[in-house]
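Q: Once you've had a glance at the structure underneath, I'll fire off some questions.
Derivation of every value follows stated rules applied to the coordinates shown; laboratory data play no part. Just so it is clear, the model here is predicted, and its values are computed rather than measured. Using ideal geometry, Cβ is built from the backbone for each residue, glycine included, and neighbour counts are taken over all protein chains shown.
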Amino acid sequence: MTAVDEVKIGGMGASRRRVEDNRFIRGKGNYVDDIVLPGMLHMEILRSPLAHARIRSIDTSKAWAMPGVRLVLTGETMAARNLAWMPTLSYDTQAVLATDKVRFQGQEVACVIADDPYIAKDACEAIVVDYEPLPVIVNPTQSMAEGAPLIRDDKENQSDNVIYDWEVGDKAGTDRAFAEADLVSKIELHYPRSHPSPIECCGSIADFNRATSKLTVYLTTQAPHIIRAAVALVAELPEQMIRIISPDIGGGFGNKVPVYPGYVASILASILLERPVKWIEDRTGNLISTGFARDVYLQGELALRRDGRILGVRMNTTADHGAFFSDAQPSKFKIGLMHSAFSCYDIPNAHLVARGVYTNKAPGGVAYRCSFRVTEAMFFQERMVHAAADDLGMDQAEFRRVNFVRDDDFPHRTSWGFLTDSGQYGKCLDVGLEAVGYQDFLKEKEEAAKRGRLLGIGISTMTEPLGAGNSREYDILGIKMFDSAELKIHMTGKALLRTGAKSQGQGHETTWAQIVAHELGIPAEDVLVEEGDTDTAPFGMGTYASRSTPVAGAAVAMVSRKIRAKARKIAAHLLEISEEDIEWELGRFYVRSQPDRGVTIQECAVAAYSNMPDGMEPGLENVAYYDPPNLTWPFACYIVTVEVDPQTGVWDVLRMVAVDDCGVRINPMIVEGQIMGGLTEAYAMANMQFITFDDEGNCIGSNFTDYLLPTAWETPGFELHEVVTPCPHHPIGAKGIGECAAVGGPAAFVNAVMDAVKGSGVRNIDMPVLPDRVYEALQTGQDVSGAPPVRMA
Amino acid sequence: MMKLRFASPEMLVDINEIPDLDYHRIDDDGSIRVGAVCRHADLERSSLLATRQPTMAAAAPLVADPIVRMRGTLVGSVCHADPQGDWASVMTALDASIVAQGPNGRRSIAVRDFVRGPFQNALAFDEVAVEAVVPAPKGEPAGGYLKLERRVGDYATVGVAVAIDRVGSQVSRAGIALTAVGPATMAADAAAHALTGRPLTTDTIGEAAELAAQAAQPKTDHRGSADFKRQLVRVFTSRILTGLLRSEEEAA
C-alpha cells in the first residue's frame, strides 16, 4: 500500500471542475428570490427622486386604501421603534427611512408591503411626498466651499461637510526628501465612482415566527454572521433567536457586505405582520442606492533622483463618501489601506494626508473587488509611477525595476508601516516583458508613429495586502477579523466541512474540499462543503477583500491538521504501536519500521466511532479559528498594448499580458477564472463604465443601458502567466488572488493609452478613458478631468 | 417602455402569429421588401442583402446585440422611431417606405415622413405597419454603415448610413442619414446632393463629409460632446465613401 495520488483525489494543484456548477448550469441554483414561503408578502421601496430636499409631509392614505396593501412604513413608523437610523460599519449613522431630509437621489423614503409585488409597486406610486428642494452637492469642491449647505444637519457637532482628516507617515522626513530631490513629479487624478453591480441584486426574506420567537432571514449577504450580530444589536433581538441564511449568491463584489435599509424594513415588517416578507431590489434600485465604490481625488508627488530612485512620496487624497459614511471596512485607518500604495517599491519617505467629505450622493466606499481602497491606492501608485518615468525620460520597465524591493529584502517594512512577506518582483516583470515582446513593441511603436499611427504600452506592477486581517489592526464592530472551519469526518470516511466564509462565485465548495484532500488524503469528492447558515456554520467574518483563502482557507488546513492529530492516536491504537513510531503519508498512517503495515484515514474514521482507544472521546470532528499573523502579499505585473485612432479617440487593446504571483495555487483553473474576471472588470472601468451625476444630483448610469457591463464581444483576450512565491506564514503557502487583476489592471490600460497620446503633451485622462475624452485631449493637448457634474447640454 | 412604466397599455396584440410576414425578398423590379416580423438576424444572415443591398448588409450585424437581433425586427425598429435606432437611418438613406395597413386598405409612407420625432411615427391608431420597401437602385448600389457604440448592444453614440447608386463612376443617386445626432433620425440631404451626378473623388468625399457634419444636431451628454459627435459624423462619412472609392479603384 502506498499514499494516495493527490492529483487523482482532487487535491492541491488539481484543476478540478467546480462542483457548484452542476446546479448552476442546470438552472437549479437557489437564490433568495427562488425561495417561496407560505403566506409570504412582498415589499417595495419608494425612493426619493431628489438628491437633497426637506420632507414637508408624506401622505400614505391612498396607498393604505389600495386592496392587497398590508402595511406602509415611513420614517415616522421606524422612528417610533427607534429604527429610523442605523449605525454604519464606519461608526456613522445612516437613515433607514428618511424622516427629516432626503440626502441622495434614490434614498429610501417609504415601504409598502402587499400581497404581490405589483400591488406594492403601484401603492408606492400612490404615496404623496411633499419635498422642499435644497441646494445639491455632487463633488468635494462644492462640499468644502464656503457657505455650502450642511448635508448632515442631523448630527450634533457637525458644522461642515467634512467627515474626517487623517494622516500617516513621516511628514518631516518626506519634506526633506523632496527638498533634496533632483526632480519632483506631480499629477492630479480622480478615481471615479464605480458600481460593483452583481448580476443578482440585493434582497431579503424576513420570517418572524411569533410562536417560537425565532427570526429567520434569507439574505443576499457576503457575511451572514456579521449580519446576525448587527441584527441582534440594532433590532435588540436575542442572538440565538436570529438565523441568517445566505443561500446561493449571484455575485457580491463588496456590494453585499453592508446592511441596507431594505433588509431592516423587511425584518420590521415581518415582526409587525407575523408573516414572511420578501424584498427583491430592482436593477435601478441597486445601482442608485447600494454600495458604490471609489470616488477619490488625488494630488500625488514623487521626489526623484536623477538615476531613477524614488526618494519620497506624498499623497493627498479626498474621498467623496456620499451622504453617509458607511464604508464597509474593518481597518483602523480612515481611508482604508490607501497607504499600502507603493509597497512593492523601496521608498524611504512617505506621507499621506486623507480627507473624507459628505455629498448628496448614495453612500460610497464599499470595497468593490478590493481590500478597502487598495484599488485606488494601486491605481494612483501606477499612474504616478508612469508619469514620473516619463518626467525622468526613463524607460517604464527600468524605472520600476530600480525601485522594486529586492527578493532578499523580505520581510520588508514599508515606510507606511506594512510588512510585506515575500515576492520575486523582478522575475514577474521579466516574464511579462518577455511575453509581450517589449523591445520589439517599442520599435514597432516608433515605426508606426512615422506613419501617423498611435501605439502605446502600459505597465502596472503592484503588491497588495490581502486577507484581513490580523486581529490587532482589523475588526468589525469590535469583532476580530479571524475566520473559521469546522470539519466532521463521518464513520464511512466521508466529510462535511463548514466555514465562516461565504462563496458568491469564488468556488469554495470546490477548493475547500481540495485543501481537505491535501491535508487528509480524503478524496475531494467525498467532502461536502456548506456555508452561509448561521445556525450551522461556525462563526466567521465572511467573504470579501480576497480573504477567503488567506483566512478561512487557512482555517480549513488547520482543522484538517487537528483531525489528523486525533486520527494519528487512533492509528496507533489500531496498529498497536506507540504514536511516536507512526509516519504519515497522504491518506495513510504506517509503522515507520514496517511501511507496509498501515491504516488509512478512512479506517481511522470507522474506528473513531466503533473502536476508539480507551479514554478517548468518540467521533472525529473539530473546529479551528484562524487569526492570521499578517496579510498575504501577492504580486502582479500587467502589461497592455493599445492602438489609438487619432480621428475618433477610440482605442483598441492589441494585447494584454498578466503575470500573477499568488503563491501556491489550490485550483489553477479557478485562479485563472478569478484573474480573467478581474481583468474584465479592470478593462470595463478603464474603457466604458460611467456612473456619474449631473448638477442636480441625478444619477447618470442608473440602468444597464447607461452603466455598461462588458460582454465577450468587446472584452480583449488575456494572456496569463504565473510565478509562484509561497506565502511564508500561510499554512499552505497561498495568497489572496480574487481582486488582484481588478486592482492592478486599470492602471495598465490607462498607462497604455497615455503612452500612445504622449506626443500631444497630455499627462492624464481620467477614467473611463472614453473616446471623446481621448479625442478632446488630442485636440487640445490638455488633461481631461472626469469629476462630476457630468456635462449635459 | 412598459418596464420603465412609460407605457401602460390595457391590451397587447401579438403579431407574431400573423402568417407570411416574416419574409424579405427582392421583386422583379429590383425593390426589396421586408415583412413586419422579419427578424434582424434573418437580415444579418441574408445572402440576398449580401449581394444586392450593401448598406443594409453593413448595418444588420451592428444592430443591438445578438439576443435582440434574434427577436427584434426592422419594421418594429423603424416604428419605434428611436433617434438612436439604426434601421431608420439606413431606410432614410435608401429612400425606403413603410407600408401601413388599416381598415381603408394600404398606404405607403416614406420613412423620412414616417419618423415624426423621438418615439413618434405617422401611423394612425388603427393602422399596422406591414412591410418596409426599398426602391430599386438607379445603378449599381454601394454603401455602408458605421457606428460608434461604447459596447455591443449599447445605444449608438453616432451612426452614419451611406447609400449610393452608381452608373459607371458617376453617382446616380445618393442618400446619407445620421443616427443619434438629433431629435430624430437626420437626413443629410445636402451631403447626398453634393455627391449626386459626380464621381467619387477625395474632394467630393471631403465636401460630403463636411456637409454631413453640418447636418448633425448632436447634444453633449455622457456619450460625448456635441463637437466630438459631429467629428464622428465627418469621419464615418468620409471612411465609408473612401472605402467605396478604393474598391472602385481596385476594380478598375
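Q: Placing one identical point scatterer on every Cα of the range A:190-333 and ignoring solvent, what is log10 I(q)/I(0) from the Debye formula at q = 0.13, 0.17, 0.21 Å⁻¹?
A: -0.66, -0.96, -1.28
Q: Then there is this: Divide, for the range A:703-793, the radius of gyration over alpha carbons by 2.2 N^0.38 Å, where N is the residue count.
A: Cα-based Rg divided by the globular estimate yields 1.49.
Q: Among A:TRP584, A:GLY250, A:SER548, which residue has its Cα positioned farthest towards the positive end of the charge dipole of the protein assembly as shown, with +1 placed on the Cβ of Lys and Arg, -1 on the Cβ of Asp and Glu, and the dipole taken about the Cα centre?
A: A:GLY250
Q: Continuing with this model, one more query. May I ask for the Rg/Rh ratio of the range A:128-173, computed from Cα atoms with Rh as the Kirkwood radius, given to two decimals? Could the numbers behind the result be given before it?
A: Details: Rg = 15.6 Å, Rh = 13.4 Å.
Using Cα coordinates only, the ratio equals 1.16.
Q: How compact is chain B by the rule of thumb for globular proteins, expressed as Cα Rg over 2.2 N^0.38 Å?
A: On the way: Rg = 17.7 Å, N = 252, 2.2 N^0.38 = 18.0 Å.
Here the Cα radius of gyration is 0.98 times the empirical estimate.
Q: Oh, and also: Expressed as a whole percent, how much of the Cα-Cα distance distribution for the range A:16-135 exceeds 19 Å?
A: Values: 4113 of 7140 pairs.
That fraction is 58 percent.
Q: Leaving out same-chain residues fewer than 8 places away, which aspartates and glutamates sit with a Cα under 19 Å from that of A:LYS566?
A: A:GLU486, A:GLU519, A:GLU576, A:GLU579, A:GLU580, A:ASP581, A:GLU583, A:GLU585, A:GLU603, A:ASP614, A:GLU617, A:GLU621
Q: Further, regarding this structure: Kirkwood Rh over alpha-carbon pairs of the range A:399-487, then Stokes-Einstein at 4 °C and 1.567 mPa s: what D in µm² s⁻¹, rounded to an integer? Walk me through the intermediate numbers first.
A: On the way: Rh = 17.1 Å.
It diffuses with D of about 76 µm²/s by this estimate.
Q: Report, by chain and number, residues whose modeled amide H sits under 5 Å from the one on A:TYR164, excluding near sequence neighbours (fewer than 5 apart, same chain).
A: The list, which skips near neighbours in sequence, is A:GLY356.
Q: Any chance you could list the semi-axes, whole Å, largest first, of the equivalent ellipsoid that the Cα gyration tensor gives for the range A:255-394, using √(5λ)?
A: Details: eigenvalues 334, 33, 28 Å².
In descending order, the three semi-axes are 41, 13, 12 Å.
Q: Extending each Cα 7 Å along its Cβ direction at A:VAL402 and B:ARG116, get the distance between those two points in nm, one decimal.
A: A separation of 7.1 nm, rounded to one decimal place.
Q: What list of ³J(HN,Hα) couplings, whole Hz, do you get for the range A:220-226 from phi and the Karplus terms 6.51, -1.76, 1.60, once you set θ to phi - 60° and write x for glycine and proline?
A: Values per residue, Gly and Pro as x: 7, 10, 7, 9, x, 5, 5 Hz.
Q: Let me check against my output: what whole-number percent is the relative contact order of the range B:140-251, with C-alpha pairs under 8 Å and at least 6 apart? Provide the component values of the computation, followed by the final result.
A: Details: 220 pairs, mean separation 26.6, N = 112.
Computed value for the range B:140-251: 24 percent relative contact order.
Q: Divide the volume of the convex hull of the Cα atoms of the range B:24-134 by its number of residues and quote the answer in cubic angstrom per residue. Walk me through the numbers on the way to the answer.
A: Details: hull volume 10.4 nm³, N = 111.
Hull volume normalised by residue count: 94 Å³.
Q: Averaging over all projection directions, find the projected area of the Cα convex hull of the range A:622-776 and quote it in nm² with one decimal place. Mind showing how you got there, number by number?
A: Numbers: hull surface 52.1 nm².
Dividing the Cα hull surface by four gives the mean projection, 13.0 nm².
Q: Any idea what % of Cα-Cα pairs in the range A:3-52 are farther than 11 Å?
A: Working: 995 of 1225 pairs.
In whole percent, the share of Cα-Cα pairs in the range A:3-52 beyond 11 Å is 81.
Q: While we're looking at this one, here's another question. Can you tell me the alpha carbon radius of gyration of the range B:81-143 divided by the globular rule-of-thumb value 2.2 N^0.38 Å?
A: Numbers: Rg = 12.5 Å, N = 63, 2.2 N^0.38 = 10.6 Å.
Output field value: 1.18.
Q: Quick one: Karplus J couplings for the range B:172-184, per residue in order, coefficients 6.51, -1.76, 1.60, θ = phi - 60°, nearest Hz, x for Gly and Pro?
A: Values, residue by residue: 8, 8, 9, x, 10, 9, 10, 9, 6, 10, x, x, 8 Hz.
Q: Let me ask something additional. Expressed as a rounded percentage, what relative contact order does the range B:24-134 have, with Cα pairs under 8 Å and six or more residues apart? Walk me through the intermediate numbers first.
A: Values: 190 pairs, mean separation 31.4, N = 111.
Reported relative contact order: 28 percent.
Q: Give me the one-decimal nm value for the distance between modelled label points at A:VAL724 and A:ASP409, 7 Å along each residue's Cα-to-Cβ direction.
A: Label at A:VAL724, label at A:ASP409, 2.7 nm between them.
Q: Whole Å is fine, so just give me how far the alpha carbon centre of the range A:23-50 lies from that of the range B:45-86.
A: 36
Q: Filter the cross-link list A:LYS488/A:LYS569; A:LYS488/A:LYS562; A:LYS186/A:LYS361 down to pairs whose alpha-carbon distance in this structure exceeds 19 Å. Numbers along the way, then the final one.
A: Numbers: A:LYS488/A:LYS569 17 Å; A:LYS488/A:LYS562 11 Å; A:LYS186/A:LYS361 29 Å.
As for pairs spanning more than 19 Å Cα to Cα, those are A:LYS186/A:LYS361.
Q: Using the eigenvalues of the Cα gyration tensor, what equivalent ellipsoid semi-axes result for chain A when each is taken as the square root of five times the eigenvalue, whole Å, largest first? All intermediate terms of the calculation are to be shown ahead of the outcome.
A: Working: eigenvalues 354, 303, 100 Å².
The answer is 42, 39, 22 Å, longest axis first.
Q: Moving on to the next point. Under 5 Å between amide hydrogens, which residues at least 5 positions from A:LEU654 or on another chain qualify, with H placed 1.01 Å from N in the peptide plane?
A: Amide H neighbours of A:LEU654, under 5 Å, 5+ apart: A:THR641, A:VAL642, A:GLU643.
Q: Now for a different question. A:LYS562: net charge of surrounding residues, Cβ under 14 Å, Lys/Arg +1, Asp/Glu -1, itself excluded? Spell out each step's value before the answer.
A: Details: positive: A:LYS488, A:ARG561, A:ARG564, A:LYS566, A:ARG568, A:LYS569; negative: A:GLU486, A:GLU519, A:GLU617, A:GLU621.
Result for the neighbourhood of A:LYS562: +2.
Q: Once amide H atoms are built 1.01 Å from N in the peptide plane, which residues 5 or more positions from A:GLY106, or in another chain, come under 5 Å H to H?
A: Hits under the 5 Å cutoff: A:SER48, A:LEU50.
Q: If you don't mind, another one. Apply the Karplus parameterisation 6.51 cos²θ - 1.76 cosθ + 1.60, with θ equal to phi minus 60°, to every residue of the range B:119-126 and state each ³J(HN,Hα) to the nearest whole Hz, in sequence, with x for glycine and proline.
A: 6, 10, 10, 8, 5, 6, 5, 9
Q: Go ahead and estimate [θ] at 222 nm for chain A from helices alone: -39,500 (n - 2.57) per DSSP H run with n ≥ 4, summed, over the residue count, rounded to 500. Display every interim value, and only then the final one.
A: Numbers: 19 runs with 214 residues, N = 793.
Calculated mean residue ellipticity at 222 nm is -8000 deg cm²/dmol.
Q: Can you work out the PRE-style zone for B:ASP203? Point 7 Å along Cα to Cβ, and I want the residues of the range B:166-184 with backbone N under 18 Å.
A: B:169-171
Q: Treating the Cα atoms of the range A:585-698 as identical point scatterers in vacuum, please give the log10 of the normalised Debye intensity I(q)/I(0) at q = 0.15 Å⁻¹, two decimals.
A: Ignoring solvent entirely, the Cα scatterers give -0.97.
Q: Using r as the Cβ-Cβ distance of A:THR780 and B:GLU250, and R0 as 35 Å, what FRET efficiency do you calculate, to the nearest 0.05?
A: On the way: r = 38 Å, r/R0 = 1.08.
According to the calculation, E is roughly 0.40.
Q: For chain A, calculate the relative contact order in percent as a whole number, restricting contacts to Cα pairs under 8 Å that are 6 or more residues apart. Mind showing how you got there, number by number?
A: Working: 2032 pairs, mean separation 126.1, N = 793.
RCO, chain A: 16 percent.
Q: In debye, nearest 20: dipole of the protein assembly as shown around its Cα centre with unit charges on the Cβ of K, R (+) and D, E (-)? Present the calculation step by step, with values, prior to reporting the outcome.
A: Details: 102 positive and 136 negative charges, 83 e Å.
Magnitude of the dipole: close to 400 debye.
Q: Right, something else. Among DSSP beta bridges lying fully in the protein assembly as shown, give the percent that are antiparallel, nearest 5. Each step should come with its number before you reach the end.
A: Values: 152 of 177 bridges.
Here the antiparallel bridges make up roughly 85 percent for the protein assembly as shown.
Q: What trypsin sites (Lys or Arg not before Pro) does the range A:58-123 have in DSSP loop regions with at most 14 other beta carbons within 10 Å? Walk me through the numbers before you get to the answer.
A: Values: sites: A:LYS62, A:ARG70, A:ARG81, A:LYS101, A:ARG103, A:LYS121; in loops: A:ARG81, A:ARG103.
Answer by residue number: A:ARG81.
Q: If R0 is 51 Å, what FRET efficiency do you get for B:ARG45 and A:LYS480 from their C-beta distance, rounded to 0.05? Display every interim value, and only then the final one.
A: On the way: r = 61 Å, r/R0 = 1.19.
That pair, B:ARG45 with A:LYS480, gives E of 0.25.
Q: Which residue, A:TYR625, A:SER415, A:LEU429, has the largest displacement toward the positive end of the dipole of chain A when charges sit on each Cβ (Lys, Arg +1; Asp, Glu -1)?
A: Toward the positive end, the furthest listed residue is A:TYR625.
Q: Choose one answer from B:ARG230, B:ARG112, B:ARG25: the residue with the largest mean-square fluctuation in a GNM of chain B with alpha-carbon springs under 10 Å.
A: Result: B:ARG25 has the largest fluctuation of those listed.
Q: Let me know the whole percent of all Cα-Cα pairs from the range B:140-251 that are separated by more than 18 Å. Mind showing how you got there, number by number?
A: Values: 2704 of 6216 pairs.
More than 18 Å apart: 44 percent of the Cα pairs in the range B:140-251.
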